[in-house]
Amino acid sequence: MAASTQPRTEPRTGVQAFSQDIEHAFQTYLEKESKNRSLFTAADRSRYRMCLEEPDLKPQLLFPDKADQQRFRNQKHDAITNYELDPQSQLYRTPKTAEERPRVVACTYDSFKHIVHAHHSVAHAGISLTYKELVRTVYGIAREDVKWLLKHCRVCLVNRKNITRAPLQPIVAEGVLERVQADLIDMRHQPDGHNKWILHIKDHFSKFSMLYALHSKRAIEIADAFSLFVRHFDIPDILQTDNGREFKGALLIFLKRHGIKLINGRPRSPQTQGLVEQSNGVVKDKIRKWQEENGSPEWAIALTEVVMAMNRQHHRSLAHNMSPYEVMYGRNNKERKHKVPEEEIIGLRTITDDQIDAACREDVNPSQAIENTGITVDQFCTELIPREKHIVESDSDPDNPLDFGSRASPPSVIDDDPHSADEEPGPSNLEAENRSVQSSNHMN
């Protein structure tokens, strides 16, 4: 079903982070109380824009007073030296080095919009991370201005908590994927459909995280998720876990086959799993904020947005305050050019199972099948992810979203009993392969 083009009129069901009263109070603060002298007024920004559009304009034609004429000359020199215009006459601060890029110039009446956008981009992180995200693209807003506004964020106030941090045992890693830590986040108190657990895998060197929604904490299901991590990134040298029974069995066979050393920490001891245990609290906190903001009890669909926000945050423990994404890939992650209108997202969620089933028939061309259902390829692929439907492992081209292969993965078995993690009802493909390898080694 195509996305609706009608504007959304009903109010959001989630918590609005900033009310209109806060927006008006922030505007008053900037105009009367803020000590920020770099922030433009609307009149100043218009005058700078005029200086760049008409560089030969004489101040005598605009101002009869000599003091105003001199002030205009100073602004004109500053505008030509430090600022530039884009084709849409948007004013930008000229970068000083080759590593920097032009930053849009904020003024008193649009600073609120810029700060809120940066705060949402880092999933309601703190003042420091929001400010670092903001100054990458915006010029003129001071840290104190960001601090004033974030103190009034409703989502952050609702989820604020006092934490007594356990002392962490220092673990030294000298490179990416030298050591990764894995832990399970228990979401059985708030299941999302069949999903009741989150597997959190974190690289110790880069602080790069990956999250996987699981139906249960059976070893075979964790092994399948970890194999996805290996396919996407590479084989780590060391996998560090706690002593949970779920990190044995099929996962242990998988690790030995690929030469990955397994290190077990003491059970229920956060000190040995300090990095990932601390990050688990960040994951839960960001999920709560996402649910508050979107008015939804679901969390599996939020994992992508949560982990992207975590991986783009700058870390004081990393060199030059880099982000985990920069350390892992050697570059900044791509900016989201524009926010998808919410009515389009609502339209995506109205795609029916019948449409997806029709598009996945094996006797028709996938592109033609999707076109016949009346939905776009992007809508179809977007809908596959949150529903975890028709996930296929094949030797087909992984870069082609329409090449689904020929074998659909069997449905995962849900283990409601946390004490039966080792009781696996039936052999999966990975288990059958492990038994075949063991039989062959025994015969040799």
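The values are calculated or read from the model by the stated rules, or taken from the named source; none is laboratory data. Quantities reported herein were computed from a predicted structural model and do not represent experimental measurements. Every residue, glycine as well, gets a Cβ built from its backbone with ideal geometry; the counts of neighbours run over all protein chains shown.
Residues that are under 13 Å from the mean Cα position of the chain (by Cα) and of a type in the set (Ser, Thr, Tyr) within the stretch 279-327 comprise THR304, SER323, TYR325, listed in sequence order. Quick check: anything in the stretch 194-217 over 20 Å from the mean Cα position of the chain (by Cα), under 18 Å from GLY281 (Cα atoms) and touching a residue at least 40 places away in the same chain (Cβ under 8 Å)? Looking for residues that are over 20 Å from the mean Cα position of the chain (by Cα), under 18 Å from GLY281 (Cα atoms) and touching a residue at least 40 places away in the same chain (Cβ under 8 Å), one finds at least one in the stretch 194-217, hence yes.
Per the conditions (1) closer than 28 Å to PHE205 by Cα; (2) touching a Leu at 6+ places or on another chain (Cβ under 9 Å); (3) not aromatic (Phe, Trp, Tyr), the sole criterion not satisfied by VAL116 is (1).
Let's see how each residue does on (1) crowded, with 20+ Cβ neighbours inside 10 Å; (2) in a helix (DSSP H, G or I); (3) free of Cβ contacts under 8 Å to residues at least 60 places away in the same chain:
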| residue | (1), (2), (3) |
| --- | --- |
| SER89 | no, no, yes |
| TYR92 | no, no, yes |
| ARG101 | no, no, yes |
| LYS113 | no, yes, yes |
| HIS117 | no, yes, yes |
| TYR131 | yes, yes, yes |
| TRP148 | no, yes, no |
| VAL155 | yes, yes, no |
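Just to be sure before I move on: is TYR29 at pLDDT 90 or above and in contact with a strand residue (DSSP E or B) (Cβ under 7 Å, 6 or more places away or on another chain) in the structure I sent? Show your work before the answer.
On the way: at pLDDT 90 or above: yes; in contact with a strand residue (DSSP E or B) (Cβ under 7 Å, 6 or more places away or on another chain): no.
No.
Restricting attention to the stretch 247-301, the residues being outside any helix (DSSP H, G or I), of a type outside the set (Val, Ile, Thr), at pLDDT below 90 and buried (at least 17 other Cβ atoms within 10 Å of the Cβ) number 5. Hey, does the stretch 257-264 have a residue that's in contact with a Pro (Cβ under 8 Å, 6 or more places away or on another chain), touching a residue at least 24 places away in the same chain (Cβ under 8 Å), within 22 Å of VAL172 (Cα to Cα) and basic (Lys, Arg)? No: zero hits.
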